Amino acid sequence: MSGYTTILVGTDGSESSFRAVDRAAGVAAATGATLLLACAYRPMSAREVRDAQDVLREDSYKVSGSTPAEDVLRDAADRARTAGARDVETMALEGDPVDELLHAAARRGADLVVVGNRGLNSLAGRLLGSVPADISHRAPCDVLIVQTTGRTRR
């Protein structure tokens, strides 16, 4: 069995990223590793903040007092615990997803980074780079790229 003690997985709240969370949680459960859930985000501009506030007022949504990244991380942590992970920590990281995930992996001594494959096969991903491709080329540790799009496993 692997010697993984700290596993970092990035999530953006999408269903495909939650599939990567599920796989990372399974590995963490099997190895007894700490699972670090990270959600990287870019801060909204002043205009985006105003527009969001207008939408919230118009639609009379309940405001939970938490940020969208915190909401994503709470859902991901619930999923990870359901999948068997016992030691789960969350991190909301402001900045570019690739840079922030790599910095977090180095800071926390992650020995495995888990990401979904989303972006690897798109034209934009091939031209501009994608999170999984960039992570796999620059990570300071092992990388697991989970098949999260297309055909599902049975």
Exercise for the section: State all residues of segment 138-154 that are at pLDDT 85 or above, part of a loop (DSSP other than H, G, I, E, B) and within 16 Å of SER16 (Cα to Cα); if no residue qualifies, say none. Expected result: GLN147
Exercise for the section: Could you check, for segment 78-101, whether at least one of its residues is over 15 Å from the mean Cα position of the chain (by Cα), closer than 23 Å to ASP134 by Cα and at pLDDT 95 or above? Expected result: no
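Of these, THR11, THR5, which one is modelled with pLDDT of 95 or more, surrounded by 12 or more Cβ atoms within 10 Å (Cβ to Cβ) and not hydrophobic (A, V, I, L, M, F, W, C)?
Answer to the selection: THR5.
If we scan segment 127-137, do we find a residue that is more than 16 Å from ALA20 (Cα to Cα), modelled with pLDDT of 80 or more and either polar (S, T, N, Q) or crowded, with 18+ Cβ neighbours inside 10 Å (or both)?
Yes, some residue in segment 127-137 is more than 16 Å from ALA20 (Cα to Cα), modelled with pLDDT of 80 or more and either polar (S, T, N, Q) or crowded, with 18+ Cβ neighbours inside 10 Å (or both).
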Problem - Qualifying residue in segment 33-44 (condition: more than 10 Å from the chain's Cα centre (by Cα), modelled with pLDDT of 95 or more and not in a strand (DSSP E or B)) - result: yes
Handout entry: Members of segment 72-115 that are assigned to a helix (DSSP H, G or I) and either on the phi > 0 side of the Ramachandran plot or basic (Lys, Arg) (or both)
Key = ARG74, ARG79, ARG81, ARG107, ARG108
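The values are calculated or read from the model by the stated rules, or taken from the named source; none is laboratory data. Computed from a prediction, not measured in an experiment: that's the story for all the values here. Cβ coordinates were reconstructed from backbone atoms using ideal geometry, including for glycine residues, and neighbour counts include every protein chain displayed.
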